[in-house]
Amino acid sequence: MTKTVNHWIGGKPVGNAAGASGTYGPVTDPATGAVTTQVAFASVDEVDAAVASAREAYTTWGKSSLAKRTSVLFAFRALLDANRDAIAELITAEHGKVHSDALGEVARGLEIVDLACGITVQLKGELSTEVASRVDVASIRQPLGVVAGITPFNFPAMVPMWMFPLAIACGNTFVLKPSEKDPSAAMKIAELLSEAGLPDGVFNVLHGDKVAVDRLLSHPDVAAVSFVGSTPIARHIHTTATANGKRVQALGGAKNHMLVLPDADLDAAADAAVSAAYGSAGERCMAISAVVAVGSIADELVAKIKERAEKIKIGPGNDPASEMGPLITAAHRDKVASYVTGAAAEGCEVVLDGTGHTVEGFEDGHWIGLSLLDRVPVTADAYKDEIFGPVLCVLRVDTYEEGVALMNASPFGNGTAIFTRDGGAARRFQLEIEAGMVGVNVPIPVPVGYHSFGGWKDSLFGDHHIYGNDGTHFYTRGKVVTTRWPDPSDAPEGVDLGFPRNH
């Protein structure tokens, strides 16, 4: 029987309102292709109801003590930790990633909850005394009000947790619009927040499509919008929301490169390339999708990557033996496959072609195997586009300088890595490369929670990266207070306040 996922507004699940569109979308099990769930799509009226609930809650939550906010977050953290497996199972059922990968996603989200639990330190202000006679100046940070998060399908638990823990810790209320492709993890999180004691209306969940998104972008009571997704949508989010007077952080797509120098440990580089390119079926913005091999090591490196890739076990995410699951939808699977089937005509050497892969007993699932393309020209679509699937391109260059120039010519600047034993080359690379996150012998340089995540160029629209110090600054605004109080000794004659006359 198909289950129904509704919205979460004012502390409880809410179905489509009477008289609304009554539109629902299908959610499939990627391993079987079967529709398992229907998810409510919000109308404009339902978006307005969620924002109104958040606005009402802000009148008290925004004035609540830091002790109150952090006590709720500590309780939520304990519940989240206890429910790791349950959330991971929901992710696997709707996204398709293997259970261990889903558990890792929850763990990385927990890092930001940890950061939010300690928000008291980040919200400390500054005080300068006696800037003039009896004049003090203080800088403080205050919440914005109602803020929104629009999150992608590939990390249905982690990416929302990059946003809402810091937002609500800072005193804001939150409206989440998760991907309609895998909505259940967001609803489980909402239930846990309520169980932890979060007041009704502080955290709301709206499901839907462009109707819901565009209303959030234009709603006068939404002060800020956080987004993670593709570059075209990130650009639309930033343009539309800023035109409506909102603060925006919009993280876009990527084409992450890994530069392998001739002195690198090629076994370690090959291991890293396989895990970074094919982990989570390549459906992540920090995936390595282009390896740039310098000099004569290219043939050996490609052979090592091929050897490892051929051993990856593909199967249902709930099978402990599976190392890679299916793609999220059949349409996405077909799009990813098109880059491989068209690669040879664009000058690529197809070393591995995963487009015909199936899994016995699950023939209707959204399966695709691992693909490896060598000698890829920079003009090929497989190199230029963000594929978001298990396709790895290898490009060959003669020198370090040629490799860096090729990488910096990319319109994307999300993450990058270099593999080398040479500390001087690594230091030069981290200064010269035009990307927001750099790994040295680390293929996926996602920062820990107390450092911020974000790219450069077409990978980020807005001035703030996500979580870390940038996250706290994004969800608060500064205020400077200049104060002058008369000294008690200045009191009128005849009134003695008990203070000594000191000047």
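The values are calculated or read from the model by the stated rules, or taken from the named source; none is laboratory data. Since the model is a prediction, treat every value here as computed from it, not as a measurement. We place every Cβ from the backbone using ideal geometry, glycine too, and count neighbours over all the protein chains shown. Accessible surface is based on the protein model in full, side chains and every heavy atom, while ligands, DNA and RNA are left aside. Shrake-Rupley method; radii C 1.70, N 1.55, O 1.52, S 1.80 Å.
Side notes on the structure shown:
- Region 342-497: proportion of alpha-carbon pairs further apart than 19 angstrom, %: 71
- Taking the square roots of 5 times each eigenvalue of the Cα gyration tensor of region 100-139, largest first, gives ellipsoid semi-axes of 43, 6, 4 Å.
- Only beta bridges with both residues in the chain are counted; by DSSP, about 40 percent of them are antiparallel.
- Quotient of the Cα radius of gyration of region 261-347 and 2.2 N^0.38 Å, N being its number of residues: 1.21.
- Listed residues Leu103, Leu123 arranged by accessible area, highest first, probe 1.4 Å: Leu103, Leu123
- Across Lys255/Lys457; Lys255/Lys313; Lys63/Lys124; Lys3/Lys177; Lys63/Lys479, pairs whose alpha-carbon gap is larger than 22 Å: Lys255/Lys313
- Normalised by the number of residues in region 380-455, the mean separation of alpha-carbon contacts (under 8 Å, six or more apart) gives a relative contact order of 28 percent.
- Computed as a quarter of the hull surface, the mean projected area of the alpha carbon convex hull for region 157-196 stands at 2.8 nm².
- Solvent-free Debye scattering, log10 I(q)/I(0), computed from the Cα coordinates of region 177-308 at q = 0.14 Å⁻¹: -0.80
- Global form of region 384-456, assessed from the alpha-carbon gyration tensor, a/c cut-off 1.5: oblate
- All aspartates and glutamates inside 17 Å of Lys188 as judged from Cα atoms, apart from same-chain residues fewer than 8 positions distant: Asp81, Asp85, Glu89, Glu94, Glu105, Glu180, Asp200
- Exposure of His451 as accessible area (Å², to 10), given a probe of 1.4 Å and all protein chains: 110
- The H on the amide N of Val394, modeled in the peptide plane, is under 5 Å from the matching H of Val291, Leu373, Asp374, Arg375, Val376, each at least 5 residues off or on a different chain.
- Centroid-to-centroid, using Cα positions, region 431-494 and region 314-386 are 39 Å apart.
- Per-residue Karplus couplings for region 387-395, computed as 6.51 cos²θ - 1.76 cosθ + 1.60 with θ equal to phi - 60°, are listed in order as 7, 6, x, x, 10, 10, 9, 10, 10 Hz, Gly and Pro entered as x.
- The phi torsions of region 233-244, fed into the Karplus equation with coefficients 6.51, -1.76 and 1.60 and a -60° offset, translate into couplings of 6, 4, 5, 5, 4, 5, 4, 6, 5, 5, 5, 9 Hz, rounded to whole numbers, with Gly and Pro shown as x.
- Hz values of 3J(HN,Hα) by residue in region 415-431 - Karplus curve (6.51, -1.76, 1.60), Gly and Pro given as x: x, 7, 8, 10, 10, 6, 9, 9, x, x, 5, 5, 5, 4, 4, 5, 8
- For the peptides 72-78, 49-55, 386-392, 241-247, the ranking by mean Cβ contacts within 10 Å, running from highest to lowest, is 386-392, 49-55, 72-78, 241-247.
- The mean sequence separation of alpha-carbon pairs under 8 Å and at least six residues apart, normalised by the residue count of region 1-155, gives a relative contact order of 18 percent.
- Cα-based helix-to-principal-axis angle, 184-195 vs the chain, degrees rounded to 10: 30
- For the chain: relative contact order, % (alpha-carbon pairs under 8 angstrom, 6 or more apart): 18
- Calculated on C-alpha atoms, the gyration radius of region 22-162 divided by its Kirkwood radius gives an Rg/Rh of 1.11.
- Within straight-line cross-link reach of Lys304, aspartates and glutamates at Cα separation under 12 Å, skipping those fewer than 8 residues along the same chain: Asp265, Asp267, Asp271
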